[in-house]
Amino acid sequence: MPAEPAELVGAEQAAVERPPVRRVEPLPPEMVAALTAALDALRESVSDLRFGLDLPGAAEARQARADLLAQLKDYVLPRVRTNTAPALIVVAGSTGAGKSTLVNSLAEKNISRTGVRRPTTGIPVLVCHPDDRQWFTKGDLLGGMRRIDKPSPEDGIGSLVVVATEKLPQGVALLDTPDIDSVVEEHHEIAHRMLDAADLWIFVTTAARYADAPAWNLLRLAKERGARLAIVLSRVQPKAREVVLKHFVRMLTEYGLGEVDRFVIGETKVVDGRLPDHEMTDLRLWLAELSVDEDRRAQAVHETLNGVLDSFRTRVPALARHLEGQVAFRTELRADVEAAYMSALAEIDKATRNGMLVHGEVLARWQDFAGSGDLMRTIQFRKRGRSGRQAPERVTAFRSALRAGLESVIVAAAHRAAEEVVARWRHRSELGGTIGAGLERPSDELVRHATRAIAAWQEHVTELVRTEGVAKRSVSKFVSFDADSLSLIFMVAMFSGGTVEGVPHRLVNALLGAESLRGIGAKALSDLRARIGMLFDEESMRYVQALDSAGIPDESTATRLYQATYNLEVAR
């Protein structure tokens with residue numbers, strides 16, 4: 001039997017009084033439309049969230065996203081659209097608390113399986129008055145679940161048993177859920193989904209387990225969501241009744257739940273899966289009152305719906321903050337890529353200015369070219385009927401050596417950049433190393449692309465010499481030159497940095513003029529840097545693709561989420 005108020009709270013506590021009922025007016029159509037549009041936009045924004053990186057808290061964020069989407073679909077949007085639907089009361093509790101027995105007793109029908117084997121309830125069972133059955137078989141509440149008349153081994157957790165009985169008053173429906181602390185993970189998840197879709201919660205616990213953590217975790221969740229709540233304390237021994245109730249009520253009061261409706265069921269014999277009628281009298285009266293008092297029922301539904309909407313003020317920003325953490329980590333990884341390849345470009349810039357390029361094979365080919373007399377033969381004093389002769393073999397060999405030297409510098413810098421990116425990522429976290437796996441070396445196409453880019457650049461320099469490097473007027477009447485050979489001489493002069501003996505800086509300056517030489521040099525170096533930059537951009541795209549494939553969100557997603565939350569507040 002339910003305890004009297006004085007017995008519930010002890011001699012020093014005041015009786016629990018229900019707050020006055022205020023009339024809740026139905027939402028006008030224009031407000032329903034505005035609120036529905038804002039909720040649809042919020043659902044779309046939440047759907048766009050991706051937490052692809054396994055950063056701390058990512059698993060919780062994914063679950064929170066799934067819970068929020070399910071609640072929007074199963075409860076919030078349907079309830080806003082059809083706020084006159086019957087109230088859905090979920091019966092929840094920990095393993096063995098007697099939820100199914102309670103539902104069977106209220107319905108006066110064995111609709112939910114009971115027993116000592118745990119967990120007993122695997123598929124949620126909804127029981128309602130026959131006149132309300134259409135709301136739950138054809139309506140949008142819990143719309144994502146398949147309705148069935150009776151459970152079978154083939155039915156999965158996406159099913160919902162709907163049973164009608166005239167013993168339950170019209171306007172309220174009971175939903176028996178799997179255990180909140182079930183050892184079966186799917187049962188645990190479906191139980192929380194049912195809680196998120198309910199207008200009111202009946203929390204069932206026992207005298208032996210009311211202080212357990214799962215019970216208070218569920219009560220904390222109800223408080224956070226602003227859900228209308230009633231508590232059933234079952235299996236209370238007559239001798240321990242006063243002590244247990246006093247302690248339980250004290251815990252509820254300290255937790256801010258001292259005013260919730262409470263019912264006590266004594267330790268009694270369960271016959272045919274049901275409790276004795278005298279133990280259910282007050283709970284039946286409570287349900288009947290909700291059934292006949294439309295204002296009280298509407299107020300309970302309104303409070304729970306508002307509580308859910310209020311919870312979005314913290315739940316959605318929490319998702320956005322985790323999203324921003326993923327975006328920030330992506331930004332850091334991208335910055336590592338940019339820094340590594342900018343360093344590689346700077347390294348190449350230095351090599352093109354300090355004479356590093358003119359050594360080894362390039363220097364040998366240059367000395368062969370200059371010492372053989374071919375250098376002077378590329379520059380001829382004009383004589384009637386005679387033109388300058390060229391030395392194609394040495395010119396070609398010299399050009400190839402210069403191209404190969406430049407390519408080797410580029411490839412070496414790309415190798416160091418690739419190693420640096422992955423090293424930076426590994427240093428940041430184990431996750432960074434996982435994303436960068438297999439990217440420690442340049443792409444297989446780098447050498448081929450570099451060969452093509454440098455060959456094109458050499459042709460570009462030759463064209464610059466031919467079109468812009470016109471010989472100074474003071475010597476043009478007496479000297480002619482071969483553009484291909486002179487462009488190679490110009491490259492050596494440009495790359496030598498003044499450190500290579502025998503490079504005819506004065507000769508090139510005399511032929512082209514200081515101003516023309518500076519102009520061609522600036523254009524040639526700028527063009528070379530741009531071509532190398534494009535090569536490195538192609539290389540760095542491999543890392544961008546790795547980040548994209550990891551499912552890291554777009555930077556604008558969090559902004560859209562905040563905006564959707566703000567728009568919902570405006571619509572409310």
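Restricting the search to the range 34-82, which residues are in contact (Cβ under 8 Å) with a residue 60 or more places away in the chain, part of a loop (DSSP other than H, G, I, E, B) and open to solvent by 60 Å² or more (accessible area, probe 1.4 Å)?
Scanning the range 34-82 gives Asp48, Arg50, Asp54.
So is Glu242 in contact (Cβ under 8 Å) with a residue 40 or more places away in the chain, part of a helix (DSSP H, G or I), closer than 21 Å to Gln299 by Cβ and open to solvent by 30 Å² or more (accessible area, probe 1.4 Å) or not?
Values: in contact (Cβ under 8 Å) with a residue 40 or more places away in the chain: yes; part of a helix (DSSP H, G or I): yes; closer than 21 Å to Gln299 by Cβ: no; open to solvent by 30 Å² or more (accessible area, probe 1.4 Å): yes.
No; evaluated as a whole, the condition is false for this residue.
For residues in the range 530-562 being under 23 Å from Gly325 (Cα atoms) and acidic (Asp, Glu), which is nearest to the chain's Cα centre (by Cα)?
The first filter runs over the range 530-562 and keeps only residues under 23 Å from Gly325 (Cα atoms), leaving 540-562.
Those left that are additionally acidic (Asp, Glu): 548, 554-555.
Values: Asp548: 12, Asp554: 9, Glu555: 11 Å.
Looking at the filtered set, the residue picked out is Asp554.
Of the numbered conditions (1) among the aliphatic types (A, V, I, L, M); (2) out of contact with any helix residue (DSSP H, G or I) (no Cβ under 8 Å at 6 or more places or on another chain); (3) open to solvent by less than 50 Å² (accessible area, probe 1.4 Å); (4) over 23 Å from Ala401 (Cβ atoms), Ala412 fails exactly one; give the number of that condition.
(4)
Limited to the range 153-179, what total is found for residues that are modelled with pLDDT under 70 and open to solvent by less than 40 Å² (accessible area, probe 1.4 Å)?
Residues that pass the stated criteria total 2.
Check off (1) out of contact with any His (no Cβ under 7 Å at 6 or more places or on another chain); (2) open to solvent by less than 30 Å² (accessible area, probe 1.4 Å); (3) touching a residue at least 40 places away in the same chain (Cβ under 8 Å) for His460 and give me the number that stays unchecked.
That leaves (2) as the condition not met.
Could you please find all residues in the range 125-149 being open to solvent by 40 Å² or more (accessible area, probe 1.4 Å) and within 29 Å of Val292 (Cα to Cα)?
Answer for the range 125-149, where residues must be open to solvent by 40 Å² or more (accessible area, probe 1.4 Å) and within 29 Å of Val292 (Cα to Cα): Pro130, Asp131, Arg133, Gln134, Trp135, Thr137, Lys138, Asp140, Gly143, Arg147, Asp149.
Among Glu347, Glu338, which is under 30 Å from Arg529 (Cβ atoms), open to solvent by 50 Å² or more (accessible area, probe 1.4 Å), of a type outside the set (S, T, N, Q) and in contact with a helix residue (DSSP H, G or I) (Cβ under 6 Å, 6 or more places away or on another chain)?
Working: Glu338 fails: in contact with a helix residue (DSSP H, G or I) (Cβ under 6 Å, 6 or more places away or on another chain).
Of Glu347, Glu338, the one residue that is under 30 Å from Arg529 (Cβ atoms), open to solvent by 50 Å² or more (accessible area, probe 1.4 Å), of a type outside the set (S, T, N, Q) and in contact with a helix residue (DSSP H, G or I) (Cβ under 6 Å, 6 or more places away or on another chain) is Glu347.
Quick one: is Glu259 open to solvent by 20 Å² or more (accessible area, probe 1.4 Å) and in a helix (DSSP H, G or I)?
No; evaluated as a whole, the condition is false for this residue.
To keep it simple, each residue is scored yes or no on (1) within 13 Å of Arg334 (Cα to Cα); (2) open to solvent by less than 90 Å² (accessible area, probe 1.4 Å); (3) at pLDDT 95 or above.
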residue: Leu525; (1), (2), (3): no, yes, no
residue: Arg529; (1), (2), (3): no, no, no
residue: Phe536; (1), (2), (3): no, yes, yes
residue: Ala546; (1), (2), (3): yes, yes, no
residue: Ser549; (1), (2), (3): no, no, no
residue: Glu555; (1), (2), (3): yes, no, no
residue: Ala558; (1), (2), (3): no, yes, no
residue: Leu561; (1), (2), (3): no, yes, no
residue: Ala564; (1), (2), (3): no, yes, no
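Search the range 180-200 for residues being among the hydrophobic types (A, V, I, L, M, F, W, C) and out of contact with any strand residue (DSSP E or B) (no Cβ under 8 Å at 6 or more places or on another chain), and hand back the single one that is modelled with the highest pLDDT. Outline the logic, then answer.
Initially, the range 180-200 is screened for residues among the hydrophobic types (A, V, I, L, M, F, W, C), giving 180, 183-184, 190-191, 194-195, 197-198, 200.
Then keep just the ones that are out of contact with any strand residue (DSSP E or B) (no Cβ under 8 Å at 6 or more places or on another chain); that gives 183-184, 190.
Details: Val183: 56, Val184: 64, Ile190: 80.
Step by step, filter the range 180-200, then rank; the result is Ile190.
Checking the conditions here, which among Val337, Val301 is hydrophobic (A, V, I, L, M, F, W, C), within 13 Å of Arg428 (Cβ to Cβ) and touching a residue at least 60 places away in the same chain (Cβ under 8 Å)? Spell out the reasoning first.
Working: Val301 fails: within 13 Å of Arg428 (Cβ to Cβ).
Residue meeting the stated conditions: Val337.
Checking Asp272 against (1) out of contact with any helix residue (DSSP H, G or I) (no Cβ under 7 Å at 6 or more places or on another chain); (2) open to solvent by 60 Å² or more (accessible area, probe 1.4 Å); (3) more than 30 Å from Pro86 (Cα to Cα); (4) modelled with pLDDT under 85: exactly one of these is not met. Which one?
(3)
Here is a yes/no grid of residues against (1) at pLDDT 85 or above; (2) touching a strand residue (DSSP E or B) at 6+ places or on another chain (Cβ under 7 Å):
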position: Val76; (1), (2): yes, no
position: Ala97; (1), (2): no, yes
position: Ser100; (1), (2): yes, yes
position: Asn104; (1), (2): yes, yes
position: Arg113; (1), (2): no, no
position: Arg118; (1), (2): no, no
position: Thr121; (1), (2): no, yes
position: Cys128; (1), (2): yes, yes
position: Trp135; (1), (2): yes, no
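Consider the range 199-226. How many of its residues are in a loop (DSSP other than H, G, I, E, B), among the small types (Gly, Ala, Ser) and more than 24 Å from Leu77 (Cβ to Cβ)?
Narrowing the range 199-226 to residues in a loop (DSSP other than H, G, I, E, B): 199, 207-212, 226.
Applying the additional criterion that residues be among the small types (Gly, Ala, Ser) yields 207-208, 211, 226.
When the remaining residues are screened for being more than 24 Å from Leu77 (Cβ to Cβ), the result is 207-208, 211.
Within the range 199-226, residues that are in a loop (DSSP other than H, G, I, E, B), among the small types (Gly, Ala, Ser) and more than 24 Å from Leu77 (Cβ to Cβ) number 3.
The values are calculated or read from the model by the stated rules, or taken from the named source; none is laboratory data. Computed from a predicted structure; not experimentally measured. Using ideal geometry, Cβ is built from the backbone for each residue, glycine included, and neighbour counts are taken over all protein chains shown. Heavy atoms of the whole protein, side chains included, go into the accessibility calculation; ligands, DNA and RNA do not. Shrake-Rupley method; radii C 1.70, N 1.55, O 1.52, S 1.80 Å.
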